[in-house]
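The values are calculated or read from the model by the stated rules, or taken from the named source; none is laboratory data. Predicted model only: the values in this text are computed from it and were never measured. Note that each Cβ is placed from the backbone with ideal geometry, even for glycine, and that neighbours are counted across all protein chains shown.
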Amino acid sequence: MDFPYIRAWVAAILGACLFSLVATHPGGGQSEGEIDFAPRAGLRHHPRPFPLGPDEPRPSYYLYVWCSPDDAAAPDFVATFAATSLRDGQPPIYLGRTVIPTRGNEAHHVSVSRDGRILFAGGLLSFRHDQDSNFFFDLRNPARPRYLRSSRPRNSVATDAAYSLANGGFLVTMMGGRDSGGGGRVVEYDAQLNLVGEYPRRAHDVPAGFHPHGLAVDEAHNLMITSDYVDPHSTLHPTAGVLTGNTVRVWDFAARRITHTLVVNATVQGVMDVALVGTTHDCPGCVIASSASDGRLYLVDPLRGHTQVAFDSGITGAGFHVIMTNRRRDRLWVTAALTGAIYMLDVSDPYNVRFLSVLRMGATATPHFITLSPDEATLVVSDYFVDQHDFGVVRCPGDKVVHFVALGTSSMEVISAMDLDFRTLFPDLGVVNPHGMALVPTSIE
């Protein structure tokens, strides 16, 4: 039987991190981006000018939000905010936006280099316009990020997760091949932001169904784990059906080589994310994997070659998306985009995960990307997923609000007075879609 609402639901649960086509080596779009830091009358969350006056406290954090105008009529940009506190009920101060040369990239996930000097940002839909998809910004003046350059890998498309390397570079998951049905890659940039590898390097070593989305690295055990989510090309019209994955790949991290593949569960349709967990159990390299289809989180024990259900929400269409853990890896937060919720779990023992709390954010909410404050007291959540409008099957626009969530030992509470509403924040642009976010303490300057 073929029910349209089932097909729409399957399409929706896939949306979280797709696309960004790439075709050549670093190039295209390398001209300097515009920087717009002029005061803007009427901006909703701009309560006082910057730089701050001599009587006002110095900011404790900079928040960078990677954005795309919803109508794709203007270039994508990084919006910069400053905050003295993430829990005081005062919205962060809007400082300005750093604009890239291209539009229609569908701003997606971000990462900051370990020294805090470089912001990486990926574009999901760049390939639709034959333009670069990976963007780099200079944060050495953190109040005014400067656009540096862009890049596109040769063999892979659809930028998603990024991991900052000790050498100053990045590893980045690319979900798709250049053509529909082709496998993706994990690409690597060095400290000079040069593209130095696409892994697997040889086309015949790319396994079937390789569409890496989530990325977790355990350098102490020389492990890297990626999760297979969806072939991004299959979500665009015309489509014969969305192709999803149910596997994770276990890598030799140093060699950048896949060693084996584990099926999370045969019924899973899209493994969205993976995150290292555990403090008390003998489980080196263990990750929790989020299923975008069945309302479950799964334990993956890569060294034992074992997978099992770690947590069942009881809601088949919960659509678990992005995972965040604390430094001890004993607490986990995960967004459930399709039910507008965030779950909090005790993962100190990966084989005995305990439910702690769930936060319901509203009937129209679509929480997706989350980041944790350095003091681990606040979650920052972007309420937007992916909206392909009339050119694809993914339609999850969310409320387009960045929320701040106060965390307790086993509780979560939205600080609604701090909301940043991107539907109204930029009157000159109209509705803006906020996606990836990075929170950098000023102490890193």
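Quick check: anything in region 355-365 β-branched (Val, Ile, Thr) and buried (at least 19 other Cβ atoms within 10 Å of the Cβ)?
No, region 355-365 contains no residue that is β-branched (Val, Ile, Thr) and buried (at least 19 other Cβ atoms within 10 Å of the Cβ).
List the number of the failed condition for Tyr147; all other conditions in (1) of a type in the set (Ser, Thr, Tyr); (2) touching a strand residue (DSSP E or B) at 6+ places or on another chain (Cβ under 8 Å); (3) part of a loop (DSSP other than H, G, I, E, B) hold.
Only one criterion in (1) of a type in the set (Ser, Thr, Tyr); (2) touching a strand residue (DSSP E or B) at 6+ places or on another chain (Cβ under 8 Å); (3) part of a loop (DSSP other than H, G, I, E, B) is unmet by Tyr147, namely (3).
Do the conditions hold for Val405, that is, is it farther than 24 Å from Ser85 by Cβ, hydrophobic (A, V, I, L, M, F, W, C) and modelled with pLDDT of 95 or more?
Against the criterion (farther than 24 Å from Ser85 by Cβ, hydrophobic (A, V, I, L, M, F, W, C) and modelled with pLDDT of 95 or more), Val405 does not qualify.
Which condition number does Val277 fail, the rest of (1) β-branched (Val, Ile, Thr); (2) farther than 24 Å from Trp251 by Cα; (3) at pLDDT 90 or above being met?
The number of the failed condition is (2).
Rundown of residues vs (1) in contact with a helix residue (DSSP H, G or I) (Cβ under 6 Å, 6 or more places away or on another chain); (2) part of a strand (DSSP E or B); (3) of a type outside the set (Gly, Ala, Ser); (4) within 23 Å of Leu379 (Cα to Cα), yes/no style:
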residue	(1), (2), (3), (4)
Pro59	yes, no, yes, yes
Ala74	no, no, no, no
Val78	no, yes, yes, yes
Arg97	no, yes, yes, yes
Thr102	no, no, yes, no
Asn105	yes, no, yes, no
Phe127	no, no, yes, no
Gln131	no, no, yes, no
Phe136	no, yes, yes, no
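What pairs come up if the first residue lies in region 122-150 and is without any contact (Cβ under 8 Å) to a residue 24 or more places away in the chain, the second is assigned to a strand (DSSP E or B) and of a type outside the set (Val, Ile, Thr), and their beta carbons are under 9 Å apart, counting only those six or more places apart or on different chains?
Asp138/Leu119; Asp138/Arg146; Asp138/Tyr147; Asp138/Leu148; Arg140/Arg146
In contact with a Gly (Cβ under 6 Å, 6 or more places away or on another chain) and closer than 28 Å to Arg128 by Cα: is that true of Asp383 in this structure?
In short, yes.
Just to check your reading of the model, which residue among Arg354, Arg328 is farther than 24 Å from Tyr229 by Cβ and touching a Phe, Trp or Tyr at 6+ places or on another chain (Cβ under 9 Å)?
Answer to the selection: Arg354.
Under the condition of being over 17 Å from the mean Cα position of the chain (by Cα) and outside any loop (DSSP other than H, G, I, E, B), which residue from region 378-403 is nearest to Ala79 (Cα to Cα)?
Taking the candidates together, the pick is Thr378.
Working only within region 236-252, note down all residues that are in contact (Cβ under 8 Å) with a residue 12 or more places away in the chain and either assigned to a helix (DSSP H, G or I) or surrounded by fewer than 16 Cβ atoms within 10 Å (Cβ to Cβ) (or both).
His237, Thr239, Asp252 - these are the residues of region 236-252 that are in contact (Cβ under 8 Å) with a residue 12 or more places away in the chain and either assigned to a helix (DSSP H, G or I) or surrounded by fewer than 16 Cβ atoms within 10 Å (Cβ to Cβ) (or both).
Within region 163-195, can you find the residues that are polar (S, T, N, Q) and in a strand (DSSP E or B)?
Ser164, Thr173, listed by residue number.
For every residue, the table says whether it meets (1) surrounded by 12 or more Cβ atoms within 10 Å (Cβ to Cβ); (2) not in a strand (DSSP E or B).
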site: Gly197; (1), (2): yes, no
site: Arg201; (1), (2): yes, yes
site: Gly214; (1), (2): yes, no
site: Val217; (1), (2): yes, no
site: Thr226; (1), (2): yes, no
site: Ser234; (1), (2): yes, yes
site: Ala254; (1), (2): no, yes
site: Met272; (1), (2): yes, no
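Any residue at all in region 319-329 that is surrounded by fewer than 24 Cβ atoms within 10 Å (Cβ to Cβ) and in contact with a Gly (Cβ under 7 Å, 6 or more places away or on another chain)?
Yes - at least one qualifying residue is present in region 319-329.
Please specify each residue of region 354-393 satisfying the condition of being at pLDDT 95 or above and polar (S, T, N, Q).
The answer is Ser357, Thr371, Ser373, Thr378, Ser382.
Would you point out which residue out of Ser126, Ser111, Ser150 is among the polar types (S, T, N, Q), under 21 Å from Asn433 (Cβ atoms) and at pLDDT below 95?
Result: Ser126 is the single residue among Ser126, Ser111, Ser150 that is among the polar types (S, T, N, Q), under 21 Å from Asn433 (Cβ atoms) and at pLDDT below 95.
Only residues that are farther than 17 Å from Ser111 by Cβ and surrounded by fewer than 24 Cβ atoms within 10 Å (Cβ to Cβ): list them for region 141-161, please.
Once the filter is applied, which keeps residues that are farther than 17 Å from Ser111 by Cβ and surrounded by fewer than 24 Cβ atoms within 10 Å (Cβ to Cβ), region 141-161 yields Asn141, Ala143, Arg144, Arg146, Arg154, Asn155.
Kindly state which strands (runs of 3 or more DSSP E) lie completely within region 313-374 and contain at least 1 residues that are more than 19 Å from Val300 (Cα to Cα).
331-336, 341-346, 354-360, 369-372
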